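A short write-up of the structure that comes next.
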Amino acid sequence: MDLSSDAVARSVDKCVKCGRCVTACSHLQDMNILGFTSRGDHAHVDTPFAAPLDMTLCIECGLCSAYCPVGAITARSEVDAVLRELEGKRKVMVACTAPATRVAIAEEVFMGEGENEEGRMVAGCGILGWTTGFDNVFDTNFSADLTIMEEGSELISRLNGSGPWPMLTSCCPGWVNLVEKSHPELIPNLSTARSPQAMLSAMVKHPFAKKIGRDPADVCVVSVMPCTAKKHEAASDDFTFTDDKGRKVRETDHVITTRELGHIFRLLRVPLAQLKPSDYDPTLGVATGAGVIFGVTGGVMEAAVRTAQVLTGVESPIPLGALHDVRGLQGVKSATVAVKNAKGEEVPVRVAVAHGGRNVKELLKKMEKKEVEFDFVEIMMCPGGCIGGGGQPKSKSRDILQKRMAAVYDEDERKVLRRSHENPMIHELYKEFLGAPLSETAHHYLHTHYHDRSHTHDPTPETRGDGKPGARCPTF
Ligand code: SF4
Ligand code: SF4
């Protein structure tokens, strides 16, 4: 059993050699971490040089686990840990649910495909059968709005400064893993804004915990994500702090996938279909349509453009929902949009969007060869963006992705407020705690830094310095 990765677990004994994980990892994602090795009866699926996953270039996207039909590769389950915390009743239990979870949870409890069951998912988290349920359910769409405030401000500040260009989005931890492990030269280009998960957890553990008069260590944040890479992100030292009693406290205590939440609902016999829909706790649960569309490829870009055009005073901003060039399942999409600089001039910003490892790598190659040039690029490592994440229900047909995508855009259209900077609770948070976008406080809690991890796969233990065998295959 390989438990070296924070995101996925591999149990070689259960493998039936169907090769679906190889298709996902090597053909869909172009990562080539999993492949067939040996011949005849000895043929089996393995990593380069049979290395533990954390010593390969694996980006922890979890697509292999979403394609494995027999549970030989699974997400690193935190179901037991979460149930223990809920039953222990010692902490304030907080659930934070990501944009893409609400349009997929119905599939896990046999309620149809592409249905938006946001309200029932919130209600289900609140009761959870014979356990006490979560005390507060917050919406990661709220922190998606916060991400736009910070990332959009960073884009405007780079426009008025000197780059570096292109600016690359940073909300997909699978993409951050790819940059840190395989393209460290792109680290300066990554936005320093944390992912919506990391932003929301910081807001729960700091201003929210203070507001309710509890120590951050007495609040347990369970993040419900379409994503396995977020498990790795949450475990990082960058999102752990030392409290005033000298204890190490994680900002996100546990990350469970949409599949794991479905598992909990089924295990505890939560009658989701019969529940009356509930609203999120408004403290950190009010979101605009811009936050909702983070769940689909192109959504982060569209949300950023909506806010950047209005905040910089562009004369005729693109009407809401009309930035069609960045929508849809085409692998790489591009557009040119206007944003005003500090001199009051409207300048063209060339934007691009790529999703799925193979498309991302093709775009990177073209950018490297200067065949294409962009100013702002959104990257999501899963096909379709987070709606097709490695932690989503095991149904990856294009039809189902289309249905989930349609449900996301429907939700955006239903919203009264559709630009992140219009969110009144975001304004309140800046007024009460953060100051202003890119302020010192905002930088402390909402931004991060990156690490060159390319050396962790150095084939020579001497140069890598940890004495363990290396794992880079010369052919990969
Ligand atoms: S998590 Fe992603 S990159 Fe890693 S082995 Fe699985 S499919 Fe490949
Ligand atoms: S696309 Fe979404 S689900 Fe996939 S790795 Fe990135 S953040 Fe996670």
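The values are calculated or read from the model by the stated rules, or taken from the named source; none is laboratory data. Every value quoted in this text rests on a predicted model; they were computed, and no experiment measured them. Ideal geometry is used to build each Cβ from the backbone, glycine not excepted, and the neighbour counts take in all protein chains shown. Surface areas here come from the heavy atoms of the whole protein model, side chains and all, with no ligands, DNA or RNA. Shrake-Rupley method; radii C 1.70, N 1.55, O 1.52, S 1.80 Å.
The stretch 255-290 and the stretch 1-27 have their alpha-carbon centroids 28 Å apart. Taking 19 Å as the straight-line reach from the Cα of K14, the lysines in range (excluding those fewer than 8 positions away in the same chain) are K394. The stretch 92-111 and the stretch 189-222 have Cα centres spaced 20 Å apart.
Determine the share of the stretch 326-452's accessible area contributed by carbon and sulfur atoms, expressed in whole percent, with a 1.4 angstrom probe. Using a 1.4 Å probe with all protein chains present, the stretch 326-452 comes out at 49 percent carbon and sulfur. Put the Cα centre of the stretch 409-440 next to the Cα centre of the stretch 329-380 and the gap is 25 Å.
Can you send over the carbon and sulfur percentage of the accessible area for the stretch 181-231, probe radius 1.4 Å, protein chains only? Of the solvent-accessible surface of the stretch 181-231, carbon and sulfur hold 56 percent. Solvent-accessible surface of the stretch 398-444, averaged per residue with a 1.4 angstrom probe and all protein chains in place: 57 square angstrom.
Between E185 and K343, the contour length at 0.36 nm per residue exceeds the Cα-Cα span by 53.8 nm. Of the residues G321, V339, N359, the one whose Cα sits farthest toward the positive end of the charge dipole of the stretch 312-371, with +1 on the Cβ of Lys and Arg and -1 on the Cβ of Asp and Glu, is N359. For the chain, the square roots of the Cα gyration tensor eigenvalues, ordered a ≥ b ≥ c, give a/c below 1.5, which places it in the rounded category.
Residue separation of R350 and Q402 scaled by 0.36 nm, minus their Cα-Cα distance, works out to 16.1 nm of gained length. Restricting the stretch 1-101 to trypsin sites (Lys or Arg not before Pro) that sit in a DSSP loop and have at most 16 other Cβ atoms within 10 Å of their own Cβ leaves K17, R39, K89, R90.
The packing ranking of peptides 103-111, 301-309, highest mean first, is 301-309, 103-111, where packing means the average number of other beta carbon atoms within 10 angstrom of each residue. Sorted on the mean count of surrounding Cβ atoms within 10 Å across their residues, most packed first, peptides 48-55, 268-275, 248-255 read 248-255, 48-55, 268-275.
Pairs exceeding a 20 Å alpha-carbon distance, out of K333/K369; K230/K365; K205/K431: K230/K365. Within the stretch 190-229, name every residue whose backbone N is under 18 Å away from a label modeled 7 Å from Cα of L268 along the Cβ vector. Under cut-off, by backbone N: 219-225. Basic side chains Lys and Arg get +1 at the Cβ, acidic Asp and Glu get -1 at the Cβ, and with that the dipole of the stretch 1-129 about its Cα centre reaches some 220 debye.
With both labels modelled 7 Å from their Cα along Cα-to-Cβ, the V416 to R214 distance reads 3.0 nm.
Ranking H447, L86, P173 by Cα position along the charge dipole of the chain, where only Lys, Arg, Asp and Glu carry charges on their C-beta atoms, puts L86 farthest toward the positive end. When shorter helices are ignored and each DSSP H run of at least 4 residues is given -39500 (n - 2.57), the per-residue value for the chain at 222 nm works out to -9000 deg cm²/dmol. With a Förster radius of 35 Å applied to the C-beta separation of R39 and S4, the computed FRET efficiency comes to 0.85. Taking every pair of Cα atoms in the stretch 8-76, average 1/r, invert it to obtain the Kirkwood radius, and report Rg/Rh to two decimals. Rounded to two decimals, Rg/Rh equals 0.91.
Averaging 1/r over every pair of different alpha carbons in the stretch 241-357 and inverting the result gives a Kirkwood radius of 18.3 Å.
Once both labels are modelled 7 Å past Cα along the beta-carbon direction, what's the S439-K245 spacing in nm? Modelled inter-label distance: 2.9 nm.
Straightening the chain between V12 and S157 buys 47.3 nm, computed as 0.36 nm per residue apart minus the Cα-Cα spacing. The mean accessible area for residues of the stretch 8-76, using a 1.4 Å probe and ignoring ligands and nucleic acids, is 44 Å² per residue. Basic side chains Lys and Arg get +1 at the Cβ, acidic Asp and Glu get -1 at the Cβ, and with that the dipole of the stretch 398-454 about its Cα centre reaches some 240 debye.
Report in % the part of the accessible area of the stretch 8-76 that belongs to carbon and sulfur, leaving out ligands and nucleic acids; probe 1.4 Å. Before the final figure, lay out the partial values.
Values: 1640 of 3050 Å².
For the stretch 8-76, the apolar C and S fraction of the accessible surface comes to 54 percent.
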